[in-house]
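Here the structure is laid out as structure tokens; the discussion comes afterwards.
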């Protein structure tokens, strides 16, 4: 298969990351279907997608007068006329409105050229998903996973097509931070690896190729120790989240939104908890990591799961803050 042959893309999962990925793929002209488990999940997903659509439209509008509003994933160059930006706005309005939502497996996956899996970071759930998915896919379909911590070799056999399976991991706010990390397992067909890189470019991303499997890829290999240190400082009573963030802001010159606990709110505390829980050190109740997981569980139990919920370590009036 060539990248020109990819027409229909199904994104499995409509959460924070799945909604961003599906929106970006649709914006770049692919027919996108989002599969979720229930009608209730569809309604929750629609809210997320409407918010992202508004972010695309407002960002593009701002690009007419504010050079700092430019997003690499939305336009190839910042040097666009107002008329060219208006064309992109019309494109975003049309294409983001065309995204379909399905709960039926055959309707969602039966004609997919490419599937991008964005379900929970839970090994059992992913294995069960892939095992069931294999019965609903055309032979041609390539499967990519956005898993942020798990290796593709963990699930390759469950897909029933290990040669057509690998990782394509995205960051957050992908229309702005337009990078993907490509990671194959030993059985991935080299042509599929190159196809994934071409697909990443086709949706406005910069593909970053890993030479071998690495838990956490590049980005999370850098971020996770940062999150562990930050949460441990708070969970063990050294200081509060605001102080940690202020320290990072003052010492590094980072923007307020680029501090540890603001970042945790952006990625979502459920995902953060799941990632930290995977470390064997979290099994020792006396460890700072175990206390961090317990702290995150406390926030999650109160419904304070991050920006999408309106509150995490901070309160938010809207999703894009």
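The values are calculated or read from the model by the stated rules, or taken from the named source; none is laboratory data. Note that the structure is predicted; figures quoted are calculated from it, not measured. Here the Cβ positions follow ideal geometry from the backbone for every residue, glycine too, while neighbour counts run over all protein chains shown.
Where in region 223-321 are the helices (runs of 4 or more DSSP H), entirely inside, with at least 3 residues that are modelled with pLDDT of 95 or more and surrounded by fewer than 13 Cβ atoms within 10 Å (Cβ to Cβ)?
On the way: elements: 241-252, 260-267, 269-277, 288-301.
It comes to 241-252.
Which condition number does residue 7 fail, the rest of (1) over 27 Å from residue 268 (Cα atoms); (2) crowded, with 17+ Cβ neighbours inside 10 Å being met?
(2)
Please work out if residue 204 is at positive phi, in contact with a helix residue (DSSP H, G or I) (Cβ under 7 Å, 6 or more places away or on another chain) and crowded, with 19+ Cβ neighbours inside 10 Å.
yes
Only residues in region 75-94 that are without any contact (Cβ under 8 Å) to a residue 24 or more places away in the chain count as the first member; pair them with residues that are part of a helix (DSSP H, G or I) and surrounded by fewer than 16 Cβ atoms within 10 Å (Cβ to Cβ), Cβ under 8 angstrom, at least 6 apart or cross-chain, and list the lot.
78/67
Scan region 8-19 and tell me whether some residue there is out of contact with any helix residue (DSSP H, G or I) (no Cβ under 6 Å at 6 or more places or on another chain), over 23 Å from residue 196 (Cα atoms) and at pLDDT below 95.
No, because not a single residue in region 8-19 is out of contact with any helix residue (DSSP H, G or I) (no Cβ under 6 Å at 6 or more places or on another chain), over 23 Å from residue 196 (Cα atoms) and at pLDDT below 95.
Does residue 210 count as within 23 Å of the chain's Cα centre (by Cα) and buried (at least 18 other Cβ atoms within 10 Å of the Cβ)?
Details: within 23 Å of the chain's Cα centre (by Cα): yes; buried (at least 18 other Cβ atoms within 10 Å of the Cβ): no.
Answer is no for this residue.
Let me confirm something: among 104, 163, which residue is surrounded by fewer than 23 Cβ atoms within 10 Å (Cβ to Cβ) and over 16 Å from residue 192 (Cα atoms)? Spell out how you get there, then give the answer.
On the way: 163 fails: over 16 Å from residue 192 (Cα atoms).
So the residue among 104, 163 that is surrounded by fewer than 23 Cβ atoms within 10 Å (Cβ to Cβ) and over 16 Å from residue 192 (Cα atoms) is 104.
State whether the residues of region 125-137 include one that is assigned to a loop (DSSP other than H, G, I, E, B), touching a strand residue (DSSP E or B) at 6+ places or on another chain (Cβ under 8 Å) and buried (at least 16 other Cβ atoms within 10 Å of the Cβ).
Within region 125-137, the subset assigned to a loop (DSSP other than H, G, I, E, B) is 137.
Within this subset, residues satisfying the condition of being touching a strand residue (DSSP E or B) at 6+ places or on another chain (Cβ under 8 Å) are 137.
Narrowing the set further to residues that are buried (at least 16 other Cβ atoms within 10 Å of the Cβ) leaves 137.
Checked region 125-137: at least one residue is assigned to a loop (DSSP other than H, G, I, E, B), touching a strand residue (DSSP E or B) at 6+ places or on another chain (Cβ under 8 Å) and buried (at least 16 other Cβ atoms within 10 Å of the Cβ).
Please tell me if residue 196 is in a helix (DSSP H, G or I) and out of contact with any helix residue (DSSP H, G or I) (no Cβ under 7 Å at 6 or more places or on another chain).
It is true that residue 196 is in a helix (DSSP H, G or I) and out of contact with any helix residue (DSSP H, G or I) (no Cβ under 7 Å at 6 or more places or on another chain).
Within region 202-222, which residues are farther than 16 Å from residue 265 by Cα, assigned to a helix (DSSP H, G or I) and touching a residue at least 40 places away in the same chain (Cβ under 8 Å)?
First, the residues of region 202-222 that are farther than 16 Å from residue 265 by Cα: 202-219, 221-222.
Filter again for assigned to a helix (DSSP H, G or I), leaving 202, 219, 221-222.
If the condition is that a residue be farther than 16 Å from residue 265 by Cα, assigned to a helix (DSSP H, G or I) and touching a residue at least 40 places away in the same chain (Cβ under 8 Å), then 202, 219 are the ones that fit.
Does residue 88 satisfy being within 17 Å of the chain's Cα centre (by Cα), under 25 Å from residue 207 (Cβ atoms) and in the same structural domain as residue 169 (by TED's automatic domain parsing)? Give the steps one after another, and end with the answer.
Working: within 17 Å of the chain's Cα centre (by Cα): no; under 25 Å from residue 207 (Cβ atoms): yes; in the same structural domain as residue 169 (by TED's automatic domain parsing): yes.
No.
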